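Each remark here refers to the structure printed beneath this line.
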Amino acid sequence: VSFDGTGWAWYDPLPTCASGFLSLTLIAQTGNGLLLYAGPTSVPPDVSVTDFVAVELREGSPVLYLDLGSGTRRLELPDRSRSLVDGRAHELEISWSQRSVQMRLDQCKSGQPYCSASAGLVGASEYLNTNGPLQVGGLTTDLQKLRLALNWDSIPTDVGYSGCIQNL
């Protein structure tokens with residue numbers, strides 16, 4: 001699917017789960033933009049469900065946000081000097097469990113620290129329960145409003161993505 005920075009695509013919600021895996025291939029035309037977001041689309045009546053996952057490009061490098069309801073983990077690759085805006089296809093893999101999250105770029109092999117990152121998750125929550133569609137390439141959601149209402153620590157960009165996303 002191709003995006004020009006002004007559109008988005010909606011897909012079925014991610015299942016509620018204690019562990020998960022997402023992968024996609026991207027060819028970026030610009031260095032900043034939201035690749036995907038799954039979470040609330042408006043302030044829910046029950047503000048105890050605050051989970052979300054999002055991936056953005058920031059200055060050409062992927063940034064992952066994952067919140068299982070206890071606080072947001074922001075994860076970046078250690079070497080942010082390698083821009084994905086190079087006309088080539090890049091494979092991004094994201095996996096999480098009840099306690100940790102990992103992001104890997106271009107089938108990074110063990111021992112190559114510049115292309116993978118991992119971290120523990122924040123708080124005691126163990127399940128991703130997004131309560132909303134998977135939005136790809138952009139948003140219909142006001143993240144600033146949600147951040148205030150749901151007390152999120154940090155949020156991804158609301159700038160739409162320009163480029164191609166495939167194999168999601």
Original post:
With a ≥ b ≥ c the root eigenvalues of the C-alpha gyration tensor of region 1-94, is it rounded (a/c under 1.5), prolate (a/b larger than b/c) or oblate?
Top reply: prolate
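Can you give the extra length, in nm with one decimal, that the chain gains between R58 and Y127 once fully stretched, where that is 0.36 nm per residue apart less the Cα-Cα distance? List each step's numbers first, then the result.
Working: separation 69, 0.36 × 69 = 24.84 nm, distance 2.68 nm.
The R58-Y127 span can extend by a further 22.2 nm.
At 1.4 Å probe size, with the rest of the protein present, what percent of the exposed accessible area of the chain is carbon and sulfur atoms?
On the way: 3700 of 7780 Å².
Of the solvent-accessible surface of the chain, carbon and sulfur hold 48 percent.
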Original post:
How much accessible area per residue does region 99-159 have, in Å², with a 1.4 Å probe?
Top reply: 51
**OP:** List the cysteines in the chain whose Cβ has no other cysteine Cβ under 4.7 Å from it.
**Re:** C17, C164
Original post:
If you compute volume of the Cα convex hull per residue in Å³ for the structure shown, which of [x] 100; [y] 169; [z] 143 do you land on?
Top reply: [x]
Original post:
How far is it, in nm, from the label point at V49 to the one at Q107 when both lie 7 Å from their Cα along the line to the Cβ?
Top reply: 3.8
Subject >> Pair-distance profile P(r), taking every C-alpha pair of region 52-138, with 10 angstrom steps and integer % >> reply: 16, 48, 30, 6, 0
Original post:
For the charge dipole of the chain, defined by +1 on Lys and Arg C-beta atoms and -1 on Asp and Glu C-beta atoms about the Cα centroid, which residue among G137, A18, F3 has the Cα displaced farthest towards the positive pole?
Top reply: A18
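Relative to the Cα centre, what is the charge dipole magnitude of region 80-168, using +1 at the beta carbon of each Lys and Arg, -1 at the beta carbon of each Asp and Glu, and rounding to the nearest 20 debye? Provide the component values of the computation, followed by the final result.
On the way: 8 positive and 8 negative charges, 39 e Å.
So the magnitude is around 180 debye.
The values are calculated or read from the model by the stated rules, or taken from the named source; none is laboratory data. Being a predicted model, the structure only gives us computed values, none of them experimental. Cβ: placed from backbone, ideal geometry, glycine included. Neighbour counts: every protein chain shown. Please note that ligands, DNA and RNA were not included when accessible areas were found on the heavy atoms of the full protein model with its side chains. Shrake-Rupley method; radii C 1.70, N 1.55, O 1.52, S 1.80 Å.
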